[in-house]
Structures are given as structure tokens and as C-alpha cells.
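Comments concern the structure below.
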Amino acid sequence: MASSSIGKKQVVAITGLFLILFLIFHLSGNFLIYKGPDAFNAYAEFLENLGAIKWMARLGLIALFLIHIVFTAMVVIDNRKARPQSYEVVKSVIKRSWATRLMPYTGSVILLYLIFHLLDYTLADHSGHNSIVNGQAMELYGLVYNSFQNPIRVAFYVIGMTAVGFHLTHAIQSVMQTFGFYHVRYTPIIKRVSLVLGIAIAVGFASIPFYMMFMQSSCVTGG
Amino acid sequence: MTKTISLTLKVWRQKSGNASGKFVTYQVPTVDVNASFLEMLDVLNEQLLLKGEDPIAFDHDCREGICGMCGAVVNGQPHGPQRKTTMCQLHMRQFQDGDTITIEPYRARALPVLRDLVVDRSAFDRVVQSGGYVSVKTGQAPDANAILIPKQDADLAMDAAQCIGCAACVAACPNASAMLFVSAKVSHFALLPQGQPERQNRVLEMLATMDRERFGNCSNEYQCGAACPKGISVSNIARMNRDYLSSKMRLS
Ligand code: HEM
Ligand code: FES
């Protein structure tokens, strides 16, 4: 399956597609932050208590990421070698999209982001002193709130989500072509959907750090 | 009297595949705007020969845009600035007096430079040899319209069959991928009834050869389709992706 150039690309595409589904699921969970600490913490606890399912999902995600990264790395490295001597005059025939050109870089930013993101929340103590707001134990919600009082972290998360946005605007429409869907009428629509959905997912995620940064601590504790 | 323009040419010169090459600048003071790009090079070559220098080697044959022999990268674009036009059909009226034109060979690992602007495109031949045909038993010529083909399929197959194998798609691709070429050859049979019996093997074999020849991988940038002098559509690449997937599934 993955021995040919198209096969590798289709592995990248299918893993990418599942990762996008994960992102959509993740984002809908995150939006519970807007419902308040109780809803969000209850959701986090629900996920925590899933036990075996949680670990299966985690291992699955790790596998998806690893496969996606290994196969893109193979493809990208081979592509670099496919033109040993570059052109003297570089002038593309049609405008090259930045999202497309930056795929390996936005992907790498996502990976870097992911490591810090896991350290920040997934692997952090959800009821340690960092989760206390105004003297009240606020669990994961408090941890998230406190962490986003630091503008540097907010900036880092926004950069991470900008990378996600760029990556997805190319990725969503690219998956369709990679699996062989092309249509004179629908492909331009798919490209537009890809652009809008990519930006929407990124903006959706990035809205949370801002919301947390500008919220008064008294609102967190309901005081 | 026809109009003439004066040009500065920066041309890649390389004696052989092993030799190292470099750009050499030539002044061409009176270029007839009605000359084709290749005729302009012919005139320059005559001057070089008179001076006892080696003429610039470039590929060409029909000079009417149908054989696929010509092609080089002119100012960064395969076959030059005019869309859907081979280099032999490009005319000097596309340029302005005083222009500097950089002419370099296609650059791809799979298409090594043989001399000056000539590259070795035999990798394309090997791709076609590995499946770009239908096996037929010889005998009486079959009746012309014995097999019905829907008009739309026939049109799409003809569109794909327009590929002249010039390799501009490889030259234009940021990854030096040959997907547009191979997909055109695959599609032109995949769309016709005669192509069905060997459809699955064909796509797998031709792709295996494409990979063995060390072309790059497609990243859906679509420079190829825009650069193609015959306007081959990237929808053919989608069709090949689809055929690859279904062939793999059925054969495994
Ligand atoms: C973790 C680091 C990541 C890296 C290094 C990375 C890298 C890449 C690269 C280089 C491509 C382009 C492949 C090509 O041009 O053929 C790509 C495509 C893609 N990526 Fe990622 N990516 C990463 C994470 C993600 C994530 C988190 C998602 C999903 C949310 C994702 C979804 C996709 C999709 C759907 C494609 C399109 C496949 C296609 O072109 O058909 N990637 N990725
Ligand atoms: S020389 Fe035949 S296509 Fe240009």
C-alpha cells in the first residue's frame, strides 16, 4: 500500500483526515469552556474516567501522528532531492499558495506546539496549586485560566493555531484530490470550504486563550 | 519591413552530462518579432558557428507544437511565458525590446541534462513501455464503430491523449513529479472500453516505473496543469489516484 508515491500520499491523507476529525471533536469539547467551569470540568472528568477507551484513543492518536509525520517526512525529503539543481529564474506558472508551500513547516510548528500543549495540560496536575483561582480549587478550568494569564503563552498558542489554520486550509481540499475526487463544478467549492473550515477551526481554538486572558478572575469563581 | 527587437540571452551551456555547466550571456541585436523562439536560437547558432563556437544544443522536431520534442525553461517557465504554447510555437512578439531572457534546461533528477538545453527524457519512454498501451491480437482491422463509447468519455480520453510527452509538467512541478504525464497516459486508456482489461495492472506498473525513475511526489500544487502546452487537466491525476486505490484494493 505505502510502497508507491501515491500510496504514501494516501497514507498521509487518511491519517490527516482522522487527525482533522479529532481536532473537530477536541474543539467541540473545548467550547464547553464558554459554558463555564462546571460544564468544562465535568467533561474533562468524563474523559479522564473513560479508562480503557481513553487509552485506546490516546494510542490511536499517537499512532496517527507518528504515521502522518513519518510518511510526510519521507515524501518531503524525497521531493527535495527530486530536483538536485534549482532554477536560476524562479517564477511559478500560477501563484503558489502559502498554505501549500508551508505544509512541512506548519506541520513542524504543530508538532512543537503539541509537545508543550501536552505538558501544559494533559500531563499536568489538574488539581495542583496552579488550578487555584482566588483561593478556590477550579480543577482543569482553573489550570487553563491561570496559564493564559501569561501573554507569552497566549502568543505561543495563537502561533500554534495559526499553523493549524494554514495546514488545514491546504489539507482539507488536498485530501479530496489525493483520494481521487475532482470535479469541475465541486472542486472550486471544496477549495473554498477548505479555506473557511481551516480558518474556522484555528479561530475557534485561538479564541479560548484570548477569552481566558481577558476574563476577570472573579468571573471564574462566580464571585 | 518587420519589426526587430534587441535581446540579451542568458543561456545554460554544458558540454555533456558529466561536465559542469554555466550561464553564458549573448547579445542578439536584431531579432525579428515574427520569428519563433527556436528560429531566434537558430539565428544565434549561425552567428556562433561563424565565430567558430559551439552552437547551443536544443531539442526540436516538428516545430508545430505536436511532437513534444522542444522545451526548455524560459524566464522560469517551461516553454516560456505564453500559456498552452510549446516553445516552438512561442513567438518573439511575446518579448519586449531590451529584454533579458534566461534559458535553462528542465531540472529534475529523473531528466538529466545531456548537453546545454537537451535533457534525457527516456524515463518517459520507460513509463509508457510499462503499461501505456492496450494488448491486441493482430488480424482484421476491427469495425470502426463496433464498440460504443459515450461521447463524454471519448472527449475526455481525447483530452488526455493530447499529451505530447514534452515533460513541461515535470519541469514546472516544485517536486519534479511526473504525475500529470503518467496520469494522462493512464486516463486515456482508463476512459475507453479497450483500456478496461488491463486497467488495474496498467496503473500499478506505470506508477512503479514512475517511482523507479525517481520523479518526485505530487503535493497537489497544480503548476503542472497550468504549464502544460496541451492544457492537460489535473483531474487526470485525481483519476489516477482513484485507480491506484481501487487497483490496490482489488489486487490485494
Ligand atoms: C505533527 C506534525 C505534522 C506534520 C509535520 C505534518 C506535515 C504535513 C505535510 C508536509 C503535508 C503535505 C504532504 C504532501 O505535500 O504530500 C501534510 C498533509 C496533510 N496534513 Fe499534516 N502534518 C502534521 C500534523 C497534522 C495534523 C495535526 C493534521 C490534522 C489535523 C494534519 C493533516 C494533514 C492533512 C489532511 C494533509 C493532506 C494530505 C494530502 O495532501 O492529501 N497534519 N502534513
Ligand atoms: S518541436 Fe514539436 S512540439 Fe515543439
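The values are calculated or read from the model by the stated rules, or taken from the named source; none is laboratory data. Everything numeric here is computed off the predicted structure, so don't read it as measured data. FYI the Cβ positions are ideal-geometry reconstructions off the backbone, even for glycines, and counts take in every protein chain you see.
When you look at A:TYR43, is it at pLDDT below 95, touching a helix residue (DSSP H, G or I) at 6+ places or on another chain (Cβ under 9 Å), part of a helix (DSSP H, G or I) and away from chain B (no Cβ under 14 Å), yes or no? First the steps, then the outcome.
Details: at pLDDT below 95: no; touching a helix residue (DSSP H, G or I) at 6+ places or on another chain (Cβ under 9 Å): yes; part of a helix (DSSP H, G or I): yes; away from chain B (no Cβ under 14 Å): yes.
No, not satisfied.
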TODO: Residue by residue through the stretch A:179-193, note down the ones that are under 15 Å from B:ALA238 (Cβ atoms) and of a type outside the set (A, V, I, L, M).
DONE: A:PHE179, A:GLY180, A:PHE181, A:TYR182, A:HIS183, A:ARG185, A:TYR186, A:THR187, A:PRO188, A:LYS191
- [ ] For B:PHE37, work out the one condition from (1) in contact with a helix residue (DSSP H, G or I) (Cβ under 8 Å, 6 or more places away or on another chain); (2) farther than 22 Å from B:VAL170 by Cα; (3) crowded, with 16+ Cβ neighbours inside 10 Å; (4) more than 13 Å from every other protein chain (Cβ to nearest Cβ) it doesn't fulfil.
- [x] (2)
Open item on the list: Every residue in the stretch A:11-20 that is within 8 Å of ligand 1 (Cβ to nearest atom) and farther than 20 Å from A:GLY198 by Cα, please.
Closed with: none
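Conditions (1) in contact with a Lys or Arg (Cβ under 7 Å, 6 or more places away or on another chain); (2) among the β-branched types (Val, Ile, Thr); (3) crowded, with 16+ Cβ neighbours inside 10 Å; (4) within 22 Å of A:ALA206 (Cβ to Cβ), marked per residue:
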site: A:LYS9; (1), (2), (3), (4): no, no, yes, no
site: A:VAL12; (1), (2), (3), (4): no, yes, yes, no
site: A:GLY16; (1), (2), (3), (4): no, no, yes, yes
site: A:LEU19; (1), (2), (3), (4): no, no, yes, yes
site: A:ILE24; (1), (2), (3), (4): no, yes, no, yes
site: A:LEU32; (1), (2), (3), (4): no, no, yes, yes
site: A:ASP38; (1), (2), (3), (4): no, no, no, no
site: A:TYR43; (1), (2), (3), (4): no, no, yes, yes
TODO: Please determine, by comparing only the residues of the stretch B:149-171 that are within 14 Å of ligand 2 (Cβ to nearest atom) and of a type outside the set (Gly, Ala, Ser), which one is nearest to B:VAL182 (Cα to Cα).
DONE: B:CYS163
Task: Subset of the stretch A:121-139 (residues that are part of a helix (DSSP H, G or I) and out of contact with any Ser or Thr (no Cβ under 7 Å at 6 or more places or on another chain)) - done: A:TYR121, A:THR122, A:HIS129, A:ASN130, A:SER131
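Just for strands (runs of 3 or more DSSP E) wholly inside the stretch B:4-115: which have at least 1 residues that are more than 16 Å from ligand 2 (Cβ to nearest atom) and within 20 Å of the chain's Cα centre (by Cα)? Quick ask: steps written out before the conclusion?
On the way: elements: B:4-13, B:22-32, B:100-104, B:113-115.
Here the list reads B:4-13, B:100-104, B:113-115.
For every residue, the table says whether it meets (1) in contact with a Cys (Cβ under 6 Å, 6 or more places away or on another chain); (2) crowded, with 18+ Cβ neighbours inside 10 Å.
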residue: B:LEU49; (1), (2): no, no
residue: B:CYS62; (1), (2): no, no
residue: B:VAL73; (1), (2): no, yes
residue: B:MET87; (1), (2): yes, yes
residue: B:ALA110; (1), (2): no, yes
residue: B:ASP116; (1), (2): no, yes
residue: B:VAL127; (1), (2): no, yes
Task: Close pairs (7 angstrom Cβ cut-off, 6 or more residues apart or separate chains): in contact (Cβ under 8 Å) with a residue 40 or more places away in the chain and more than 7 Å from every other protein chain (Cβ to nearest Cβ) in the stretch A:68-96, basic (Lys, Arg) and not in a loop (DSSP other than H, G, I, E, B) anywhere - done: A:PHE71/A:LYS8; A:MET74/A:LYS8
- [ ] Could you identify the single residue in B:ASP42, B:ASP59 that is of a type in the set (Asp, Glu) and under 20 Å from B:PRO112 (Cα atoms)?
- [x] B:ASP59
